[in-house]
Amino acid sequence: MSYIGVHLEVCGVIPFNWGNTSLVVVSGDGPNVCGHALIKVGFYYFHIAGLASRPYFMPEQGYRRYLDESRKTELFRRPVYLPDPEGAQRKLNELSVDPWYWFGIPNNCVSFVEELFFAGGADESILSNCPVRWR
């Protein structure tokens with residue numbers, strides 16, 4: 001199995017740098033032609049992988065390893081402004097406690113990233129389950 005990061009435990013009292021947040025989309029694998037969404041917060045990447053799993057995180061070096069071992073390529077990234085970073089931090093803490101159940105289109109990697117965007121006060125979304133290149 002290729003590297004996908006480390007399970008995120010409760011984040012504790014050290015907040016992440018939500019002032020430097022980006023949507024990151026990488027290529028899919030297997031039957032997933034739509035790609036895979038991650039959120040980059042400061043120096044860390046967060047994502048959901050698997051059918052029932054807590055979020056994973058990885059620093060930049062881990063992200064490069066993830067791309068290499070899973071044979072993925074970065075399709076695009078774009079910055080996202082979050083006016084309420086404390087809200088995003090609270091939501092990440094909340095999501096790190098219980099498993100995220102993947103239900104295909106209604107509850108997937110995209111919806112995980114969007115939950116954090118919305119909690120951070122951003123009016124951002126990915127228009128479909130198959131991300132398109134943002135400009």
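Some notes on this structure:
- Nonlocal amide H pairs with W102, under 5 Å, H built at 1.01 Å: A52, S53
- Here the label points at E69 and Y101, each 7 Å from Cα along the C-beta direction, are separated by 2.9 nm in the simple model.
- Using θ = phi - 60° and Karplus 6.51 cos²θ - 1.76 cosθ + 1.60, couplings along region 114-120 (whole Hz; Gly, Pro as x): 4, 4, 5, 4, 5, 5, x
- Compactness of region 6-119 as Cα Rg over 2.2 N^0.38 Å, two decimals: 0.99
- Sorted by Cβ density within 10 Å, fewest first, the residues H7, H47: H7, H47
Every read-out reported here was derived from the displayed coordinates using simple, explicitly stated rules and does not represent laboratory data. It should be emphasised that the depicted structure is a prediction, and the values quoted were computed from it without experimental measurement. Backbone-built Cβ (ideal geometry, glycine too); neighbour counts: all protein chains shown.
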